[in-house]
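A quick write-up on the structure given underneath.
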Protein chains: 2
Amino acid sequence: MTQVTVTEHFLKFSFNKAKIHIIMPDDKIAIFKQTELFRDLDDAVLDVLAKHSVVKRLQRDEILFLASEPAKGLFVIASGSVRAFRTSADGREQVIHVERAVTTIAEVPVFDDGNYPSTAAAEEPTTLYFLNKQLILKTAVEHPQLALAALKLLASRLRRCAELVETLSLREVGQRLASLLLEEARNNGTKTERGTEIELRLTHNQLAARIGTVREVVTRALIRLQEQGLIVHEGKEFLIPDIKVIAAYAEAENSE
Amino acid sequence: MTQVTVTEHFLKFSFNKAKIHIIMPDDKIAIFKQTELFRDLDDAVLDVLAKHSVVKRLQRDEILFLASEPAKGLFVIASGSVRAFRTSADGREQVIHVERAVTTIAEVPVFDDGNYPSTAAAEEPTTLYFLNKQLILKTAVEHPQLALAALKLLASRLRRCAELVETLSLREVGQRLASLLLEEARNNGTKTERGTEIELRLTHNQLAARIGTVREVVTRALIRLQEQGLIVHEGKEFLIPDIKVIAAYAEAENSE
DNA sequence: TGCATGATGTGACCCAAGTCACCGTCACAG
DNA sequence: CTGTGACGGTGACTTGGGTCACATCATGCA
């Protein structure tokens, strides 16, 4: 779907060209300008980045990189979305964060010069641009806007990660699920007179990987939330009658 | 103990002065130079930072700042140590990270301009220097070394936080405890012919707060590790016969 | 049309870990 | 030398949530 948008762009810029598989730098610049990391840079600088970037396309669930694999740079997510996660020895996944187009992923190894800290895979068909880490570092030194943007980005990632630690350690499954729905409602919810509506395009398995549990437990937790009147859901459609109530539940000491 | 060192410094620099309560900027510069964040800056720049910094002393368990309290800047830990943690409604703590002198804490709100992401408290008598965030930002723009050092620091913090998420979500208590001991052994262990020895100056309650459980469970987990021959401990003294074995245990799928 | 395949729902079972209650030890202050 | 509080150890009990085994129901594709 987002894929379609890219195709449109692509056509717009290239239907007169002989080699129609090349994505034009101008197009990339437009994409880069939408990222938190690069938006403050001049077009000239973006042009350099664009020229050095390499396209990569992934199908759903295709792996972008593996945890502890040597990292050569970061990726701009032009369309689609990517989840970063860790896997236990018995195959269970814990999602660390999910990034949706347009943004960047794998900034960490660029700056601390280590391996990839987690595994990343496409959640849907996804287009990415790879950028070499030396180039990013060089640009950051020459253009403090980039360094500051990166600092801000890493800081907010760290803040969210600390929140994840808190909910995993200190809250029960029902509350963690409520937190996720709440966040979704705040970001992508549409308000109606009946409450806030959201469409969760996630399977119970995906939900489980995000809140640190397994499928069956998610199913039951959803039923419990429904019974307690915190949510109403049929299929992927969720209605949250009162955001305040579910927020209180997510924070509460005792989840009755 | 570390406190004593500071007193020595203090005396060395000030016994000829009239106002003996003032910590000399030179002394601060020497401290700042030991932090990952500031070590690459020139003395002239450090001098400006030192002159604008404010001393703060804390007793054990005294609170430095509270989660979600407005943040005005970061702290240099000159001596002692500080734990950053989150608290659940029923009072349980989950430690996010612990920082020992000499380093910095609370960088996150400097760069993303938010509130403090977690509560921080002294683990022992601690001396800190407060630095205003505008000053840090200004310095970071003017001196890319600082921005790069901050990026590196945040990146490595994020990496460790992701690891914490993984162990909390994917590993059992025994493994989490083993991970902690392992890390301690790698950092502060002394190798002998019997294995690696460490001295853990933590109560079971503190251990529990770090690995996301409660005191009694820690006691029992330690006993189990002992029974399985992974560790030998009397009191605060731990002997790890074979680091490789405990590392394997910490990663394993099934903890038999 | 029919057969995989993946998602969801559900009952039965089990266990790691949290809770509660209580004890002994030790250090330190009064 | 005694009271008080922190710390560690332990048994008994409860429970959240993970595991297993099936059943149902779409969807899609052969």
Checklist entry - Can you work out ³J(HN,Hα) from phi for every residue in the range B:135-152, in order, using Karplus 6.51 cos²θ - 1.76 cosθ + 1.60 and θ = phi - 60°, giving whole Hz and x for Gly and Pro? => result 5, 4, 4, 4, 4, 5, 5, 7, 10, x, 4, 5, 4, 5, 5, 5, 4, 5
Checklist entry - Cross-link partners among aspartates and glutamates for A:LYS191, C-alpha distance below 20 Å, same-chain residues fewer than 8 apart left out? => result A:GLU183, A:GLU199, A:GLU234, A:GLU237, A:ASP242
Checklist outcome for this item: Amide H contacts under 5 Å for B:ALA78, restricted to residues at least 5 apart in sequence or on another chain and with H modeled in the peptide plane, are B:THR127, B:LEU128, B:TYR129
Next on the checklist: Quick check: from the Cα gyration tensor, does the range B:115-256 come out rounded (a/c under 1.5), prolate or oblate?
Outcome noted: prolate
Checklist outcome for this item: Longest principal axis of chain B (C-alpha) makes with the long axis of helix B:2-14 (C-alpha) an angle, in degrees to the nearest 10, of 20 degrees
Item to check | Across B:LYS72/B:LYS138; A:LYS33/B:LYS152; A:LYS152/B:LYS138; B:LYS56/B:LYS138; A:LYS56/A:LYS152, pairs whose alpha-carbon gap is larger than 18 Å | outcome: A:LYS33/B:LYS152; B:LYS56/B:LYS138; A:LYS56/A:LYS152
Checklist entry - Is the shape of the range B:2-169 best called rounded, prolate or oblate, per the rule: a/c under 1.5 gives rounded, else a/b larger than b/c gives prolate, else oblate, with a ≥ b ≥ c the square roots of the Cα gyration tensor eigenvalues? => result oblate
Checklist outcome for this item: Whole-Hz Karplus couplings 3J(HN,Hα) for the range B:235-250, θ = phi - 60° and coefficients 6.51, -1.76, 1.60, Gly and Pro as x, run x, 8, 8, 10, 10, 10, x, 9, 4, 4, 5, 5, 5, 4, 4, 5
Next on the checklist: For the range A:173-235, which trypsin sites (Lys or Arg not before Pro) pass both filters: DSSP loop (anything but H, G, I, E, B) and at most 13 other C-beta atoms within 10 Å?
Outcome noted: A:ARG194, A:ARG201
Checklist outcome for this item: With the dipole of chain A defined by +1 on each Lys or Arg Cβ and -1 on each Asp or Glu Cβ, the option from A:ALA209, A:THR87, A:GLN59 whose Cα lies farthest towards the positive pole is A:GLN59
Checklist outcome for this item: Total charge of the residues flanking A:THR127 in space, meaning their Cβ is under 10 Å from its Cβ, with Lys and Arg +1 and Asp and Glu -1, is +2
Checklist entry - In what sequence, highest mean first, do A:97-108, A:55-66 appear when ranked by Cβ atoms within 10 angstrom? => result A:97-108, A:55-66
Item to check | Simple Cβ-charge dipole of chain B, Lys/Arg +1 and Asp/Glu -1, about Cα centre, in debye nearest 20 | outcome: 600 debye
Next on the checklist: Tell me whether the protein assembly as shown comes out rounded, prolate or oblate; compute the Cα gyration tensor, take square roots of the eigenvalues as a ≥ b ≥ c, and use a/c under 1.5 as the rounded threshold.
Outcome noted: oblate
Checklist outcome for this item: Computed ³J(HN,Hα) along the range A:107-114: with the Karplus parameters 6.51/-1.76/1.60, θ = phi - 60°, integer Hz and x for glycine or proline, the list is 6, 3, x, 5, 9, 9, 6, x
Checklist outcome for this item: So, relative contact order of chain A in percent, Cα under 8 Å, 6 or more apart, is 17 percent
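Computed from the coordinates by the stated procedures, all read-outs in this text should not be read as laboratory data. Model, not experiment: these values are computed from the prediction. Glycine also receives a Cβ, built like all others from the backbone with ideal geometry; neighbour counts cover every protein chain displayed.
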